[in-house]
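Peer 1: The structure that follows is given in the form of structure tokens.
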């Protein structure tokens, strides 16, 4: 498999911010943060990281691939669950140190390993009195799949299926 290579690093800051050369800036661990949104409605689905191999594979295949910091390996979104992400657009920010993927969801059209559409399914209070007792509120409690059946193992996030529903 031939992996696409990023363009050579531009010599000038203006080239990075205004030019057409793609020169992603990875952090000290070789990772770049990625925000993933729905191509259909703009909803934020998840936040993850890519290393250079995950980015190259994503560009080459059109399927979202990431670096799992907890598993310390590449993973293709949906490899276990079947809930895939087809990338419709990939953007970089002004200084090329963050990425934005717009995706179409496949499978159960769920992104989160807890079975929900988005990983951002709880909210925090903001404003007066919020600091007195910060508690998360579920804004999206519906599960589109049962994580215990899909992944075949329990974790704290997956055990909440019994307590939240």
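Peer 1: Select from the stretch 67-83 the residues that are more than 19 Å from residue 29 (Cα to Cα) and more than 13 Å from the chain's Cα centre (by Cα) and list them in ascending order.
Peer 2: 79, 80, 81, 82
Peer 1: Next up: Answer with yes or no whether residue 86 is closer than 30 Å to residue 28 by Cβ, at pLDDT 90 or above, surrounded by 12 or more Cβ atoms within 10 Å (Cβ to Cβ) and assigned by TED's automatic domain parsing to the domain that holds residue 53.
Peer 2: no
Peer 1: Show the residue pairs meeting these rules: Cβ distance below 7 Å; 6+ apart or different chains; first residue within the stretch 6-20 and more than 12 Å from residue 95 (Cα to Cα); second residue part of a loop (DSSP other than H, G, I, E, B) and modelled with pLDDT under 60.
Peer 2: none
Peer 1: What is the residue count in the stretch 28-43 for residues that are part of a loop (DSSP other than H, G, I, E, B) and under 14 Å from residue 120 (Cβ atoms)?
Peer 2: 3
Peer 1: Any residue at all in the stretch 59-66 that is in the same structural domain as residue 92 (by TED's automatic domain parsing), within 13 Å of the chain's Cα centre (by Cα) and assigned to a helix (DSSP H, G or I)?
Peer 2: no
Peer 1: Out of all the residues in the stretch 68-81, is one or more part of a strand (DSSP E or B), over 21 Å from residue 145 (Cβ atoms) and not assigned by TED's automatic domain parsing to the domain that holds residue 144? Spell out how you get there, then give the answer.
Peer 2: From the stretch 68-81, those part of a strand (DSSP E or B) are 68, 73-76; that's our starting set.
Still in the running and over 21 Å from residue 145 (Cβ atoms): 73-74.
The next check asks that each one be not assigned by TED's automatic domain parsing to the domain that holds residue 144; those that pass are 73-74.
Scanning the stretch 68-81 turns up at least one residue that is part of a strand (DSSP E or B), over 21 Å from residue 145 (Cβ atoms) and not assigned by TED's automatic domain parsing to the domain that holds residue 144.
Residue-by-condition table, conditions (1) more than 19 Å from residue 39 (Cα to Cα); (2) surrounded by fewer than 16 Cβ atoms within 10 Å (Cβ to Cβ); (3) touching a residue at least 60 places away in the same chain (Cβ under 8 Å); (4) out of contact with any strand residue (DSSP E or B) (no Cβ under 9 Å at 6 or more places or on another chain):
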| site | (1), (2), (3), (4) |
| --- | --- |
| 81 | yes, no, yes, yes |
| 97 | yes, yes, yes, no |
| 103 | no, no, yes, no |
| 112 | no, no, yes, no |
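Peer 1: Then there is this: Could you give me the residue pairs with C-beta distances under 6 Å whose first residue belongs to the stretch 46-57 and is part of a loop (DSSP other than H, G, I, E, B), whose second residue is modelled with pLDDT of 95 or more wherever it lies, and which are 6+ apart or on separate chains?
Peer 2: What qualifies is 51/30; 51/31; 51/67.
The values are calculated or read from the model by the stated rules, or taken from the named source; none is laboratory data. The structure presented is a predicted model; accordingly, all values stated were derived computationally and were not measured. Neighbour counts run over all protein chains shown; Cβ positions are idealised from the backbone, glycine included.
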